[in-house]
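Derivation of every value follows stated rules applied to the coordinates shown; laboratory data play no part. Predicted model only: the values in this text are computed from it and were never measured. Here the Cβ is made from the backbone with ideal geometry for all residues, glycine too, and neighbour counts use every protein chain on show.
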Amino acid sequence: MAIEVIPLSRLQSEASGVLARCCDSGRPVVVELPDHRLVAIQPLDADDESDSLVSELLETSEQFRALVKKSKDSPRRPFVPGT
């Protein structure tokens, strides 16, 4: 699997295109930060990966659990398309 490595400046200037290509190809993109650290962006398969990612976050992140609780406890507003 080929991994594309790009500078942060390219991600900033072409964010939509870079992210769309990442999702379309299914391949990760590695972004090189100015201090030479690397960050990986990887597409998720909506059916497989998102459930396991959420499960892992719930198991390991107190911050994520707090956000989920806050969302669950907050009032719901009806969805109105086009507004």
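General observations
- Leading residue at positive end of dipole, the chain (Cβ point charges), from Ser71, Leu44, Val30: Ser71
- Note on Gln63 and Cys22: the extension gain reaches 12.0 nm, defined as 0.36 nm multiplied by sequence separation minus the Cα-Cα distance.
- Stretchable slack from Glu4 to Leu44, in nm (0.36 nm times residue separation minus alpha-carbon distance): 12.8 nm
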